[in-house]
Amino acid sequence: LRAWGQKDLVNNHAHLWIDNSKYTWKAIVDADQASLPRPPPVSGTITVSGFAPGWYSVEWWNTSTGVIENTGSAQAAPNGDITLAVNNLQSDTAVKIYPQ
């Protein structure tokens, strides 16, 4: 997994782009041309630090359609970390985090 994004520490908001680092345009083209399987989905966790302790809404966005695919919540630990579980990510996803 690979992730990057921005945090607004004044308002405790963040947005992230998370992708499967092996799912590149070249890997897809090479796989399609050689009739090989595409890179497999990946799972893992992403930890974002610097939040005020408390509960946050989490939106998971489909980057191809621009539609929210899933919503949930996460609690920032006393040290300000929010940990997100990423399961079976084929290509990429976007995440929006904001206070509940």
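Inspection of the range 17-34 finds a residue satisfying the criterion of being open to solvent by less than 60 Å² (accessible area, probe 1.4 Å), in contact with a strand residue (DSSP E or B) (Cβ under 7 Å, 6 or more places away or on another chain) and part of a loop (DSSP other than H, G, I, E, B). The set of residues in the range 61-97 being over 15 Å from Gly44 (Cβ atoms), assigned to a strand (DSSP E or B) and open to solvent by 50 Å² or more (accessible area, probe 1.4 Å) consists of Trp61, Val67, Ile68, Glu69, Asn70, Thr71, Ser73, Gln75, Lys96. Tally time: how many residues in the range 38-60 are surrounded by 16 or more Cβ atoms within 10 Å (Cβ to Cβ) and over 12 Å from Ile97 (Cβ atoms)? Looking only at that region, the number is 2.
The values are calculated or read from the model by the stated rules, or taken from the named source; none is laboratory data. Note that the structure is a prediction, hence the values are computed from the model and not measured. Ideal geometry is used to build each Cβ from the backbone, glycine not excepted, and the neighbour counts take in all protein chains shown. Just the protein is used for accessible areas: all its heavy atoms, side chains included, with ligands, DNA and RNA removed. Shrake-Rupley method; radii C 1.70, N 1.55, O 1.52, S 1.80 Å.
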